[in-house]
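Report on one structure; see the data block that follows.
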Amino acid sequence: MLTRKIKLWDINAHITCRLCSGYLIDATTVTECLHTFCRSCLVKYLEENNTCPTCRIVIHQSHPLQYIGHDRTMQDIVYKLVPGLQEAEMRKQREFYHKLGMEVPGDIKGETCSAKQHLDSHRNGETKADDSSNKETTEEKQEEDNDYHRSDEQVSICLECNSSKLRGLKRKWIRCSAQATVLHLKKFIAKKLNLSSFNELDILCNEEILGKDHTLKFVVVTRWRFKKAPLLLHYRPKMDLL
């Protein structure tokens with residue numbers, strides 16, 4: 001059977017970041033136009049701009065960071081197409097934590113081995129029907145045995161209300177996975193306060209509204225790096241912005 005081979009440089013334009021010209025790392029897509037960039041590149045760019053770097057469409061007049069999202073599918077494609085890229089990125093992250101004298105998060109420790117097994121299983125692009133069935137059974141078993149992110153790096157948070165229109169939480173101190181997002185916190189608060197929709201809330205750190213797709217790890221690194229735990233976040237209804 002004849003197979004067509006495509007050279008990597010023929011598709012580089014589709015898997016590289018326009019801002020840094022490197023392969024996409026932590027691929028993040030603008031929801032308005034679906035253009036994708038490295039997350040760190042895009043966040044840095046949007047600190048002073050509110051338009052897409054590629055097509056210049058206005059993402060949002062005042063809060064463009066709320067209209068971007070992690071593109072897991074694109075990142076998986078990049079890691080599969082570029083040999084050694086994921087392993088190299090994990091190594092850089094481990095070296096970064098060692099340089100700062102910080103403990104390497106559990107998700108980074110285990111991700112390299114997991115990625116290698118995943119890539120090896122797809123390297124030849126061939127999957128038999130029986131193998132597919134066995135894989136589904138294995139995945140279901142793994143899902144049953146998971147620990148619901150208890151082994152993830154953990155973040156301690158204090159959730160304070162800074163609006164008279166909402167009541168404070170009975171238990172404002174929580175501890176959860178660093179991979180949880182601001183959206184998860186919105187849903188948590190809305191459920192505790194019996195709100196009709198989590199979209200009624202804004203969550204702030206240092207008086208700055210956080211994007212719904214920001215992970216707590218990202219918030220700690222970019223907004224709370226040199227401050228002591230717990231991470232202090234405030235919540236308020238969106239109408240307070242008017």
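The values are calculated or read from the model by the stated rules, or taken from the named source; none is laboratory data. The shown structure was predicted, so the numbers you read here are calculated from the model rather than taken from an experiment. Virtual Cβ from ideal backbone geometry, glycine too; neighbours counted across all protein chains shown. What goes into the accessible areas is simple: the full protein's heavy atoms, side chains included, and nothing from ligands, DNA or RNA. Shrake-Rupley method; radii C 1.70, N 1.55, O 1.52, S 1.80 Å.
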Q: Taking amide H positions as placed in the peptide plane 1.01 Å from N, state which residues far from HIS35 in sequence (5 or more) or on other chains have amide H under 5 Å from it.
A: VAL30
Q. Taking the alpha carbon gyration tensor of the range 44-103, what are the square roots of 5 times its eigenvalues, largest first, to the nearest whole Å?
A. 29, 18, 9
Q) Expressed in whole Å with the largest first, what are the equivalent ellipsoid semi-axes of the range 1-110 derived from the C-alpha gyration tensor as the square root of 5 times each eigenvalue? A) 25, 23, 11
Q | Order by protection proxy (mean Cβ within 10 Å, highest first), peptides 222-234, 24-36 | A | 24-36, 222-234
Q | By accessible area with a 1.4 Å probe, ligands and nucleic acids excluded, highest first: order of CYS205, CYS20, CYS41 | A | CYS20, CYS41, CYS205
Q: Could you calculate the contour length gain from LEU195 to ALA229, that is, 0.36 nm times the residue separation minus the distance between their Cα atoms, to one decimal place in nm?
A: 9.4 nm
Q.
What's the whole-number percent of alpha carbon pairs in the range 143-236 lying beyond 20 angstrom?
A. 33 percent
